[in-house]
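Okay, so here's the structure we're looking at.
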Amino acid sequence: MSVYYKEFITDDEAIRGIQEIKSHGIQDDDIYVITHENYRTEKLAEMASANTIGVAEEGLGTAIANAFKTKGEELRAKLEHIGFSLSEAVDLEQQLDEHKVIVVVKNKPAGLTL
């Protein structure tokens, strides 16, 4: 599985980025949005018709375990479950700490650059 991500500073930039990703034929099911704040993640996902990393991606056991973790541990676990290595998840979680928006594309076609 090929996992691709792009960082955005503002919510509007992220929404425009998701629209651009979709214009390349990427299906909604393969686009995920994640921020440090749950409410912001949910709002952006709804506005852009994208997904959040939830029980379906993590599995019930991990989702329950995340309830007892710090926010950073929870975010790293979510990122690992959709295909990032631990070191990539740590780097991305640091970007989320800076209030950036991460848009993830699973199953990215080879050669696609955005």
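The values are calculated or read from the model by the stated rules, or taken from the named source; none is laboratory data. Just so it is clear, the model here is predicted, and its values are computed rather than measured. No Cβ is skipped: glycine too gets one built from the backbone with ideal geometry, and neighbour counts run over all protein chains shown.
Name the one entry in G17, G72 that is modelled with pLDDT of 90 or more and either out of contact with any Gly (no Cβ under 7 Å at 6 or more places or on another chain) or in a strand (DSSP E or B) (or both).
On the way: G72 fails: modelled with pLDDT of 90 or more.
That would be G17, the only listed residue that is modelled with pLDDT of 90 or more and either out of contact with any Gly (no Cβ under 7 Å at 6 or more places or on another chain) or in a strand (DSSP E or B) (or both).
Report the residue count in region 31-48 for those that are under 16 Å from V105 (Cα atoms) and not β-branched (V, I, T).
Qualifying residue count, region 31-48: 4.
If you check every pair at least six apart or on different chains, which have Cβ atoms under 8 Å apart with a residue in region 1-18 that is more than 13 Å from T113 (Cα to Cα) first and a residue that is buried (at least 16 other Cβ atoms within 10 Å of the Cβ) and aromatic (F, W, Y) second?
A14/F8
Which of the residues spanning region 75-89 are outside any helix (DSSP H, G or I) and either exposed (fewer than 13 other Cβ atoms within 10 Å of the Cβ) or not small (G, A, S) (or both)? Write out each step before concluding.
Step one: list which residues in region 75-89 are outside any helix (DSSP H, G or I), which gives 82-85.
Within region 75-89, I82, F84, S85 meet the criteria.
Return the residue satisfying two criteria in turn: it lies in region 90-114 and is more than 18 Å from E37 (Cβ to Cβ), of a type in the set (A, V, I, L, M) and at pLDDT 90 or above, and of such residues it is surrounded by the fewest Cβ atoms within 10 Å (Cβ to Cβ).
Step by step, filter region 90-114, then rank; the result is V90.
Hey, does region 21-32 have a residue that's in a helix (DSSP H, G or I), at pLDDT 95 or above and of a type in the set (G, A, S)?
The first filter runs over region 21-32 and keeps only residues in a helix (DSSP H, G or I), leaving 21-23, 28-30.
Subset that is at pLDDT 95 or above: none.
Within region 21-32, not a single residue is in a helix (DSSP H, G or I), at pLDDT 95 or above and of a type in the set (G, A, S).
Go through region 1-29 residue by residue and tally those that are farther than 18 Å from A89 by Cα and either aromatic (F, W, Y) or surrounded by 18 or more Cβ atoms within 10 Å (Cβ to Cβ) (or both).
Of the residues in region 1-29, 6 are farther than 18 Å from A89 by Cα and either aromatic (F, W, Y) or surrounded by 18 or more Cβ atoms within 10 Å (Cβ to Cβ) (or both).
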